[in-house]
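Notes follow once the structure below has been shown.
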Amino acid sequence: MGSGCNVCLMVDSPLLPFDAGKPSPPRVHDYGLGGKDNFVADREVAAQLQEILPNVGRLVRESREFVARAVDFVARQGVTQFIDVGCGMPADPATHEVALSASPDARVAYVDNDAMVIAHVAALLARPGQVAAVAGDTRRPEEVLGSPELTALIDTGRPFCVILAFVLDFIEPRQAATLMAAFRDAMPAGSYLILSIGSNQDPVLIRDCSVAFGNTLRLNWHSRAQVAGYVADLEVAEPGMITARCWRPPSPPRAEDTPRRADVLAVVARKP
Ligand SMILES: C[S@@+](CC[C@H](N)C(=O)[O-])C[C@H]1O[C@@H](n2cnc3c(N)ncnc32)[C@H](O)[C@@H]1O
């Protein structure tokens, strides 16, 4: 990176400060994935979420597995630049590991608005010229894509892939539609979007999950039609918008006895 620094904080930093006593989505998510970068406040929320939705751990793993397959797919289409927005704590496999194993020229900018995420990504993953940690807010796509730290690594004049995995859930649909339109507009032809988002038909579930976070944040329900709108005018890759575990699985997903109360909707789309 131009400055030689791996931690990229904007002057008007969008970062949410570290507070171990308050549950944080990336740390709750980290716990759900079996990580160790979480605190009592996060584990208490995770336990409540588990009670509300017993398969929540499986859903977060299925979303990550989908992202890994999707990144591999996009890299094999010749795209080498990835912007993982709302990247979360480093997890296995990391986006850059998948991208680099498919394409040795791959570059990944990890973007998040959580101070602990950015500190961990910068310390553990960042490598000059290949991987950067960028402080940024998903709700401000122009700022994210225009930040000098990001543009030092990613040439936004060439096709790139934006990943938004389990992050629009924290943004209400109208704002999500606006920011997705901004990302689509900014993407040159040949760019890709990888999107995963919680889906269910039960507004009570969403309310209960927000309550589990002590109402410190609001989770949002996005209808299938709204998610389809987020990739409007893009070419949706086969097999279309589908539950994450059914997106090009290595082997057919096993049948389940009971219908899921919630699932993860996944889609990969290309700008023509
Ligand atoms: C549930 S985690 C998902 C992490 C990762 N994308 C994954 O799928 O494993 C949601 C992430 O989005 C980040 N996030 C939430 N709202 C954000 C915003 N407005 N701007 C940037 N990051 C945001 C959180 O800090 C967290 O790291």
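Note on Glu97: accessible area approximately 90 square angstrom, rounded to 10, probe 1.4 Å, nucleic acids and ligands left out. In terms of the Cα gyration tensor, with a ≥ b ≥ c the square roots of its eigenvalues, is the range 216-272 rounded because a/c is under 1.5, prolate because a/b exceeds b/c, or oblate? In terms of gyration-tensor shape, oblate. Here the 3J(HN,Hα) profile of the range 89-100, calculated from phi with Karplus coefficients 6.51, -1.76 and 1.60 at θ = phi - 60°, is 5, x, 9, 9, x, 6, 3, 5, 5, 5, 5, 5 Hz, Gly and Pro shown as x.
His29 sits with roughly 50 Å² accessible to a 1.4 Å probe, with DNA, RNA and ligands left out of the calculation.
The heavy atoms of Ser63 offer some 0 square angstrom of accessible surface to a 1.4 angstrom probe. Would you be so kind as to identify which of Cys246, Pro159, Gly32 lies farthest towards the positive end of the dipole of the range 25-270, taking Lys and Arg as +1 and Asp and Glu as -1 on Cβ and the Cα centre as origin? Positive-most Cα among the choices belongs to Cys246. Among beta bridges identified by DSSP and lying wholly in the range 25-270, the antiparallel ones come to about 45 percent. Placing a pseudo-label 7 Å from each Cα along the Cα-to-Cβ vector at Leu124 and Asp257 gives an inter-label distance of 3.5 nm.
Once the 1.4 Å probe is applied to the protein heavy atoms, the chain comes out at 45 Å² accessible per residue.
Each Lys and Arg contributes +1 and each Asp and Glu -1, all at the Cβ; summed about the Cα centre of the chain, the dipole is approximately 420 debye.
Please report the antiparallel percentage of the DSSP beta bridges confined to the range 110-214, to the nearest 5. Walk me through the numbers before you get to the answer.
Working: 1 of 9 bridges.
Once the DSSP bridges in the range 110-214 are tallied, antiparallel ones form about 10 percent.
Residues whose amide H falls under 5 Å from that of Val236, counting only those 5 or more places apart or on a different chain, are Arg270, with hydrogens built in the peptide plane.
Tell me whether the range 122-222 comes out rounded, prolate or oblate; compute the Cα gyration tensor, take square roots of the eigenvalues as a ≥ b ≥ c, and use a/c under 1.5 as the rounded threshold. Prolate. Net length available on complete extension from Phe170 to Ala182 is 2.6 nm, with 0.36 nm assigned per residue and the Cα-Cα distance removed. Our coupling estimate for the range 134-149, obtained by passing each phi through the Karplus curve with A = 6.51, B = -1.76, C = 1.60 and θ = phi - 60°, is 10, 6, x, 10, 3, 6, 10, x, 4, 5, 4, 6, x, 5, x, 5 Hz, Gly and Pro reported as x.
Given a 1.4 angstrom probe, I'd like the percentage of the accessible area of the chain that is carbon and sulfur, rounded to a whole number. Roughly 53 percent of what the probe reaches on the chain is carbon or sulfur.
Dividing the summed helix terms, -39500 (n - 2.57) for each DSSP H run of n ≥ 4, by the number of residues in the chain produces a 222 nm estimate of -11000 deg cm²/dmol to the nearest 500. The residue list Ala20, Val134, Ser63 was ranked by how far each Cα lies along the charge dipole of the range 8-154 toward its positive end, using unit charges on Cβ atoms, and Ser63 comes out on top.
The values are calculated or read from the model by the stated rules, or taken from the named source; none is laboratory data. Being a predicted model, the structure only gives us computed values, none of them experimental. Please note: Cβ atoms are built from the backbone with ideal geometry, for glycine as well, and neighbour counts cover all protein chains shown. Just the protein is used for accessible areas: all its heavy atoms, side chains included, with ligands, DNA and RNA removed. Shrake-Rupley method; radii C 1.70, N 1.55, O 1.52, S 1.80 Å.
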